[in-house]
Amino acid sequence: MIKLKHIRGQIGSESAAGGAVLLIYTGGTIGMKESPSDHALRPFDFSAIMEEVPELRKFSIRIDACTFDPLIDSSDIEPAMWVKLAEIIRDSYDSYDGFVILHGTDTMAYSASTLSFMLENLGKPVIFTGSQLPIDSLRTDGKENLISAVEIAASRESDGSASVPEVCIFFNSLLLRGNRSTKTDAEGFGAFRSPNAGPLARAGITIRYDRDSIRRPPEGPFRIHTALDTRVSILKIHPGITEQVARDILLGSATRAVILETFGCGNAPSRGWFLKTVRESASMGKILLNVTQCNRGTVDMSLYATGRALSEAGVKSGGDITTESALGKLFCLMGEHPGNEAAAALLEKDLRGDISK
Ligand code: ASP
């Protein structure tokens, strides 16, 4: 069970004249230290992070903070924690210009993707960041990531609106749309890419925003969706896949939806048993979504006979959505709609900049 500790007004200027940002610390490498006993990295508390980044005090904005207790390695992230994050943002929405979420990199793209669907009509920045090296290590990437993320979260346009009213990941000088991002590097500082959508900003001497790509502030009131239905499986198609494996996943009683991770532009084996199982799954009313295994490019089931057969069997196209985003979108749509047809009808729509038109 995650509790929250509030650390108010400890960082930055006490005056809110320059704006205010809420920092939410969940854990991750950025705040981990090597334990002397077994040399494994374990999270340490938030005040230690602040000692390592005294530069935050130079901001002319107020920075409040709250931390998860216990802190987690993001491999332990669970939907209940996404709900917690959404509720913190809702409860403090009117008090801050933006939010920075310190999070482990391993599942950051999943969290940013799902949050983007949970937060409707978001008019303020929600910036996920973290680091590949702990913040107390000499060559850490954490300081630069954290400082720029705070600056972006506080940034406003001349009309007073938020510069980036979106859920994003800031990492290694790039601001990426959260639901387009994926972790592509387990070692390098450039851990994230958004292969089907350009960066929303680049941090150099100044932070340059790509205003044509950033979504416009919403018209409607901000609200959160906290009903998540996680009964989703992912079937990664591969040569040699067996009928029993495909049947277990596609027909399993525990799933409402299956993401098919297919070859190239949405192709799968054309063998009789495979298509028969897909049809059987569709006729059981399950939601089937086709997402490509390729990092870049889009599903187009009209190109090859093998893709057409999937489409004719009732499989929906994920277009150029990432698997992380497809998962989060399904969790939210299924949580919102008890009927599979209603949920499936929205899947192919661009809801949060998650697929290209
Ligand atoms: N295992 C860590 C986590 O995701 C890795 C990281 O933060 O980079 O929490």
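Taking the stretch 191-251 and the strands (runs of 3 or more DSSP E) fully enclosed by it, the elements with 1 or more residues that are among the hydroxyl-bearing types (Ser, Thr, Tyr) and closer than 23 Å to His103 by Cβ are at 207-209.
Against the test of being at pLDDT below 90, out of contact with any Lys or Arg (no Cβ under 7 Å at 6 or more places or on another chain) and assigned to a strand (DSSP E or B), the options Ile49, Ile7, Ile63 yield a single qualifying residue, Ile7.
One line per residue, one yes/no per condition, for (1) within 21 Å of Ser233 (Cβ to Cβ); (2) assigned to a loop (DSSP other than H, G, I, E, B); (3) touching a Ser or Thr at 6+ places or on another chain (Cβ under 7 Å):
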site: Gly307; (1), (2), (3): yes, no, no
site: Leu310; (1), (2), (3): yes, no, no
site: Ser325; (1), (2), (3): yes, no, yes
site: Asp350; (1), (2), (3): no, yes, no
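Of the residues Tyr110, Tyr93, the single one that is part of a helix (DSSP H, G or I) and within 16 Å of the ligand (Cβ to nearest atom) is Tyr110. The set of residues in the stretch 120-139 that are within 15 Å of the ligand (Cβ to nearest atom) and touching a residue at least 12 places away in the same chain (Cβ under 8 Å) comprises Phe128, Thr129, Gly130, Ser131, Gln132, Leu133, Pro134, Ile135, Asp136. Within the stretch 119-175, take every residue that is part of a loop (DSSP other than H, G, I, E, B) and among the hydroxyl-bearing types (Ser, Thr, Tyr) and give me the one that is surrounded by the most Cβ atoms within 10 Å (Cβ to Cβ). Result: Ser131. Which one of these is surrounded by fewer than 16 Cβ atoms within 10 Å (Cβ to Cβ), over 20 Å from Asp136 (Cβ atoms), within 15 Å of the ligand (Cβ to nearest atom) and of a type in the set (D, E, K, R): Glu34, Glu78, Glu87? Answer to the selection: Glu78. From the list Ile101, Ile72, the lone residue that is β-branched (Val, Ile, Thr), buried (at least 21 other Cβ atoms within 10 Å of the Cβ) and within 15 Å of the ligand (Cβ to nearest atom) is Ile101. Among the residues of the stretch 228-236, is any touching a Lys or Arg at 6+ places or on another chain (Cβ under 9 Å) and under 30 Å from Ser92 (Cα atoms)? Yes, there is a match, as at least one residue in the stretch 228-236 is touching a Lys or Arg at 6+ places or on another chain (Cβ under 9 Å) and under 30 Å from Ser92 (Cα atoms).
Only a single criterion out of (1) in contact with a Leu (Cβ under 9 Å, 6 or more places away or on another chain); (2) more than 16 Å from the ligand (Cβ to nearest atom); (3) among the hydroxyl-bearing types (Ser, Thr, Tyr) is not satisfied by Ser60, namely (1).
The values are calculated or read from the model by the stated rules, or taken from the named source; none is laboratory data. Computed from a predicted model, the values in this text were never measured in an experiment. Positions of Cβ are backbone-derived with ideal geometry, glycine not excepted, and every protein chain shown enters the neighbour counts.
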